[in-house]
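**Q** Attaching a single structure in structure tokens format; questions to follow.
We did not get these values from a lab; they are worked out from the coordinates using the rules stated. Just so we're clear, the structure is a prediction, and the values are computed from it rather than from any experiment. Cβ: placed from backbone, ideal geometry, glycine included. Neighbour counts: every protein chain shown.
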Amino acid sequence: MDAIEVTDGRVRTGSASDFDEFVATCSTRLLRTAYLLTRDHGRAEDLLQTALAKAWLSWSRIEGEPAAYVHKTLVNTYATWWRRKWNDERPTPELPDPGYDEDRSATHDLWAALGNLPRGQRTVIVLRYFDDLSEAETARVLGCSVGTVKSQSAKALSKLRFDDALVDDARGEVAR
């Protein structure tokens, strides 16, 4: 494979060392994104591994910015996983009891609030505010319009403003 070639003003990646360098440079950020989407360390690692494997298979054909391609692959793979979630669930005779943690109940939990959002809105929030992508970049990753990103973001932020996990019960105000 060739190293990096430029054709018609577009960068084309190709070598294994380019891929290795990309993984070394971007994997921490991509793993964080996967973790925020899945809310589970093991699933996040699996999701990133799957996205990187798909990227490796297409590496010689990726033009432009490979991080955007892998980001989109990550989000699309996550979407197919939650659409087929029933394949991964296992029935148990007893439900796990999370118990009551007095210290935790007194804290305001953004993590719980993110978990209460629908997956599509959570994806938009993660990409926009945790990965710091612009509206246009988020729309490109999700394959939707900028208007959809704006509306989903507004709906998600509205839900977060009134989520019980973020509201101070004593005063009824949003925790800061």
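**Q** Once a ≥ b ≥ c are taken as the square roots of the eigenvalues of the Cα gyration tensor of the stretch 101-168, is the result rounded (a/c under 1.5), prolate (a/b larger than b/c) or oblate (a/b not larger than b/c)?
**A** Working: a/c = 3.15, a/b = 2.44, b/c = 1.29.
Prolate, since a/c reaches 1.5 and a/b exceeds b/c.
**Q** Give me the net charge of Ser145's neighbourhood, meaning all other residues with Cβ under 14 Å from the Cβ of Ser145; Lys, Arg count +1, Asp, Glu -1.
**A** Working: positive: Arg140, Lys150; negative: Glu135, Glu137.
Here the charged neighbours net out to 0.
**Q** Oh, and also: Taking H placed 1.01 Å from N in the peptide plane, check which residues at least 5 places from Val167 or on another chain put their amide H under 5 Å from its amide H.
**A** Those lying under 5 Å, H to H, from Val167 are Ala175.
**Q** By per-residue mean of other Cβ atoms within 10 Å, what is the highest-first order of 148-157, 21-30?
**A** Working: 148-157: 17.3, 21-30: 14.4.
Top to bottom by mean Cβ count within 10 Å: 148-157, 21-30.
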